[in-house]
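Take a look at the structure set out below.
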Amino acid sequence: MNTVTSDQWKWYQFDLEEADGIADIIKDYQYPRDEWFCQQLQKKNSNHIQVDVIGESELIYGSLIYHKESFDQKNYDSFHFYITEEFIITAGIDLKILENTSHERMIERMKQSANTAESFFILLGEIMKKHLNGFDQFESHFRELLWEVRHNNNIDVLDEIHKARYDLLIWTNLISSVQEVTMGIEEAFHKKINQTVEYQRMCKKIEIGLTLIEQYQKEFDALIKLEEVVSTHRGNEIMKALTLLTAISTPLTAFGALWGMNFKEMPELDLKFGYIYALILIVLSTVAIYLYLRMKGWTGDLLKGRKKNSFFK
């Protein structure tokens, strides 16, 4: 157990294996400790927020998932918290995950806070900073996808688009969970924190995160619609090409079938130049069908090469 002590409150940090120590701290408080201690500490893969007011004392307790890998269901990090006016208890939090945070500076800021709620906002703010920093890498990958769609639009790129969109859902879930905890603290301690700087900073970080998510969702929708239009167009072009190929090869198929017959009496068998006549007839009929399709405008752009860096041409 690690303890951070301020003039107004204390912060107890526990590992999950030190659960007995938590019981010793909260046993003298008439709070719903049994529900939190006996039930919630056993849950490691869910977010849970509970706000209670007993007499004139406010408290909030629950769990928060603050890190998760996109495609690994079991790879996540969560911690439990229990906040009263006198103390903060956290169990299972790994501050090493906050890579870009100076832990000493963060703890010093927490010590200078006027109350536990404001202090906890500093910790949540560092978690939100981690999420927002993650968007920098996400944005870089998203920009690469934009160019991939233009230069190399295929099923692999479509798969990467949907993987990135799933990543965005993970970020949405993480930030929404922090927002839920923030709203719970506001409900419990609103008179003490509404005008504090740390609360305002927390709200602004959440606003930035949700704005980024909304913007990326719009861009993904536009990107997927573009992908659908391009794929549909190319599919139609392929069908047109197959239809055109079938129409043009019809004379060759028909005459080949006709002269491949084995009837005993066939008038063309005795023609001196029958072979040449057959070739000329096949070529002329094929060219005639092609010219007819072209005159009708049914060949489209099928006979043109696709231009580089173009979606349709």
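Rule-based calculations on the coordinates, nothing more; no lab input. The structure presented is a predicted model; accordingly, all values stated were derived computationally and were not measured. Cβ coordinates were reconstructed from backbone atoms using ideal geometry, including for glycine residues, and neighbour counts include every protein chain displayed.
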Task: Of Lys111/Lys192; Lys68/Lys129; Lys218/Lys240, pairs whose Cα-Cα distance is over 23 Å - done: Lys218/Lys240
Task: C-alpha center-to-center spacing [region 132-176, region 204-265] in angstrom - done: 24 Å
Task: Spin-label model distance (nm) - Val4 vs Arg201, 7 Å beyond Cα toward Cβ - done: 1.2 nm
Open item on the list: What distance in nm separates the two pseudo spin-label positions at Asp270 and Glu85, each 7 Å out from Cα along the beta-carbon direction?
Closed with: 12.2 nm
- [ ] Give the long-range amide H neighbours of Lys10: residues separated by 5 or more places, or on another chain, with amide H under 5 Å away, using H modelled in the peptide plane at 1.01 Å from N.
- [x] Phe87, Ile88
Open item on the list: If each residue of separation counts as 0.36 nm, what is the full-extension length gain between Ser102 and Asp52 once their alpha-carbon separation is subtracted?
Closed with: 14.8 nm
- [ ] Calculate, in nm to one decimal, what Thr246 and Lys129 gain on full extension: separation in residues at 0.36 nm each, minus their alpha carbon distance.
- [x] 36.1 nm
Task: Sequence-distant residues sharing a close amide H with Asp15 (under 5 Å, placed H) - done: Gly92
Open item on the list: For the pair Glu69/Lys111, report the inter-label distance in nm, with labels modelled 7 Å from Cα in the Cβ direction.
Closed with: 3.7 nm
Task: Within region 230-252, backbone nitrogen closer than 18 Å to the virtual label 7 Å beyond the Cα of Tyr290 toward Cβ - done: 240-252
Task: trypsin sites (Lys or Arg not before Pro) within region 69-172, DSSP loop, no more than 13 other Cβ atoms inside 10 Å - done: Lys74
